[in-house]
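Visitor: This structure is in structure tokens; I'll ask about it shortly.
The values are calculated or read from the model by the stated rules, or taken from the named source; none is laboratory data. Being a predicted model, the structure only gives us computed values, none of them experimental. Using ideal geometry, Cβ is built from the backbone for each residue, glycine included, and neighbour counts are taken over all protein chains shown.
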Amino acid sequence: MLSETKNRFLGSLKFRLTLLSGCIIALTTLAAFLLLYGHLAHALQANVDHDLAAELSEFQSIYSQGGLEALRREVALEESAKGKSYVFVRMFDTTGAEVVNSDLTYWNSAATKPPANGASGSPVFSTIDLPERRIKARSIYGMLHPDLWVFMGVDAQQNSIVLATYRQRCIEVFAVSLLASLLAAWLIAGRAMRGVRALTTVAEEIAGGDIDRRITTTGYGNEIDRLAWVLNTMMSRIAALIKETKALNDSIAHELRSPLTRIRGMAEMAITSGATLEKHRETAAEVVEACDELLGMVNSMLAISEMEAGVVGLDAKPADLALLVADTCELFQPAAEDRKIVLNTAVAGPAKVMADNSRLQQVVANLLDNALKYTPSGGTINVKLTNEGNEVVLAVEDTGMGICESDIPHIFERFYRTEQSRSTPGNGLGLGLVRGIVNMHGGRVEVKSVTGRGSIFRVCLPCLH
């Protein structure tokens with residue numbers, strides 16, 4: 001249990017954010033300290049080198065004016081003023097013999113020998129390590145005169161103390177800043193994760209079945225609020241889909257009950273009755289008709305679902321909608337004559353659109369079929385095709401029973417039937433299929449209706465120029 005809690009803590013985003021922030025701050029602080037340390041060490045050494053170079057120039061001037069005796073007096077003054085343990089001076093002639101020197105009692109003579117690479121005319125700077133004294137000296141080896149060379153150095157221990165103090169202070173400041181940064185990062189990460197925890201809590205409640213639960217979208221920062229808004233929108237959409245699916249399932253069960261009951265009844269009659277072969281054939285034909293009705297319903301539902309999900313494609317090609325409308329109206333003309341309904345067609349010239357002919361033919365056929373169903377004998381259906389600006393508009397107008405204003409927003413829903421249409425054969429899927437196909441073509445469907453006087457369906461499609 002303890003191990004699981006530990007693993008969960010170490011694997012938490014809050015811990016990782018804190019650790020990452022702490023590492024970044026630590027590395028940045030360390031880099032800054034190292035950079036400053038390097039600059040400080042270089043500046044201290046450069047300052048000592050500058051003093052040594054100035055001392056060399058002064059010795060050159062003294063030698064040119066007073067010779068070796070003047071140099072001896074100057075070295076004695078240097079020892080008296082600065083101390084024998086702070087400075088040493090050794091002068092050599094061209095043979096390497098020492099001609100002038102300070103008191104080297106404090107200094108190791110072996111360690112204070114001129115560098116081997118100091119035979120050029122330019123001064124050579126070097127650092128001498130004296131372990132027995134636990135000090136370091138900074139030295140210069142240069143020419144006073146073509147026949148005289150000087151090697152002198154000063155105690156650089158003060159610089160080492162300054163650098164050691166700086167290192168100690170840096171370590172202390174680094175430790176304090178690291179702890180402070182980790183604490184600050186932990187608090188900041190905790191505040192940042194507060195919104196995530198709120199999202200998680202609500203998500204768990206939603207996962208538990210409370211699909212109407214929503215996330216508070218204020219107080220957690222713009223990014224979290226934006227995420228909360230997106231999740232709320234998504235959940236609202238999911239909740240609507242769940243309710244729609246439930247309603248659809250209820251509608252499907254209701255719509256399928258009648259044809260399935262009829263098929264079962266016909267099958268039972270065929271089994272229990274002593275009917276003749278001809279009667280059995282009639283029963284079989286009725287069963288086939290009922291099955292065709294069911295297949296049509298299922299195919300329509302699948303087509304609408306695919307179109308709404310966007311998984312079905314269009315075989316869109318340039319087409320003349322005028323020819324398609326004229327051909328479809330010609331197919332429905334006999335049915336209109338049988339019902340003693342006048343079907344008028346007015347097609348104004350070519351109407352070019354980018355369309356899937358078979359799909360658009362379904363649109364025209366469904367609209368005409370609806371008009372024929374709900375227009376009484378002696379009525380009129382007018383089909384008009386016009387070009388209006390950048391659109392081709394197909395209008396199907398009938399003189400049927402009309403649609404109540406309260407029903408108009410729902411007529412494109414699957415299985416929706418108005419009170420006036422319940423006695424008319426149909427399953428309430430035709431108009432849903434019409435809207436789905438028109439939407440796929442980038443168009444829209446408009447409806448105007450007056451109860452008892454008829455309806456006008458307008459299909460508006462983008463014109464192909």
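Visitor: Of the numbered conditions (1) within 30 Å of residue 363 (Cβ to Cβ); (2) at pLDDT 70 or above, residue 256 satisfies every one except a single condition; which is it?
Guide: Unmet condition: (2).
Visitor: Suppose we filter the range 427-461 for residues that are in contact with a helix residue (DSSP H, G or I) (Cβ under 9 Å, 6 or more places away or on another chain) and basic (Lys, Arg); how many remain?
Guide: 3
Visitor: Something else about it: Just for the range 342-352: of the residues that are at pLDDT 85 or above and among the hydrophobic types (A, V, I, L, M, F, W, C), which one is surrounded by the most Cβ atoms within 10 Å (Cβ to Cβ)?
Guide: So the residue we want is 343.
Visitor: To continue, here is another question. Starting from the range 146-172, take each residue that is farther than 22 Å from residue 78 by Cβ and list its partners that are of a type in the set (Phe, Trp, Tyr) and surrounded by 16 or more Cβ atoms within 10 Å (Cβ to Cβ), counting only C-beta distances under 9 angstrom and pairs at least six apart or across chains.
Guide: Taking only residues 6 or more apart or on different chains, the pairs are 166/33; 167/33; 170/33; 171/33.
Visitor: Looking at the range 372-412 only, could you name the residues that are under 15 Å from residue 431 (Cβ atoms) and free of Cβ contacts under 8 Å to residues at least 40 places away in the same chain?
Guide: 407, 409, 410, 411, 412
Visitor: Residue check, residue 303 against (1) under 30 Å from residue 465 (Cα atoms); (2) under 50 Å from the mean Cα position of the chain (by Cα); (3) modelled with pLDDT of 70 or more; (4) part of a helix (DSSP H, G or I), all met but one. Which one?
Guide: Unmet condition: (3).
Visitor: Examine the range 353-372 for a residue that is surrounded by fewer than 19 Cβ atoms within 10 Å (Cβ to Cβ) and on the phi > 0 side of the Ramachandran plot, and state whether such a residue exists.
Guide: no
Visitor: Further question: Considering 450, 383, which residue is at pLDDT below 90 and aliphatic (A, V, I, L, M)?
Guide: 450
Visitor: May I pose another question? Within the range 185-218, how many residues turn out to be more than 30 Å from residue 234 (Cβ to Cβ) and either without any contact (Cβ under 8 Å) to a residue 12 or more places away in the chain or in contact with a Phe, Trp or Tyr (Cβ under 8 Å, 6 or more places away or on another chain) (or both)? Spell out how you get there, then give the answer.
Guide: The first filter runs over the range 185-218 and keeps only residues more than 30 Å from residue 234 (Cβ to Cβ), leaving 185-187.
Keeping just the survivors that are either without any contact (Cβ under 8 Å) to a residue 12 or more places away in the chain or in contact with a Phe, Trp or Tyr (Cβ under 8 Å, 6 or more places away or on another chain) (or both) gives 187.
Total meeting the criteria: 1.
Visitor: If I filter the range 68-89 down to residues being free of Cβ contacts under 8 Å to residues at least 40 places away in the same chain and outside any helix (DSSP H, G or I), which single residue comes out as surrounded by the fewest Cβ atoms within 10 Å (Cβ to Cβ)?
Guide: This residue is 83.
Visitor: Condition check: in contact with a Phe, Trp or Tyr (Cβ under 6 Å, 6 or more places away or on another chain) and either within 24 Å of residue 333 (Cβ to Cβ) or modelled with pLDDT under 90 (or both). Does residue 378 satisfy that?
Guide: No.
Visitor: Against the definition (within 18 Å of residue 140 (Cβ to Cβ), touching a strand residue (DSSP E or B) at 6+ places or on another chain (Cβ under 7 Å) and hydroxyl-bearing (Ser, Thr, Tyr)), how does residue 61 come out, yes or no?
Guide: no
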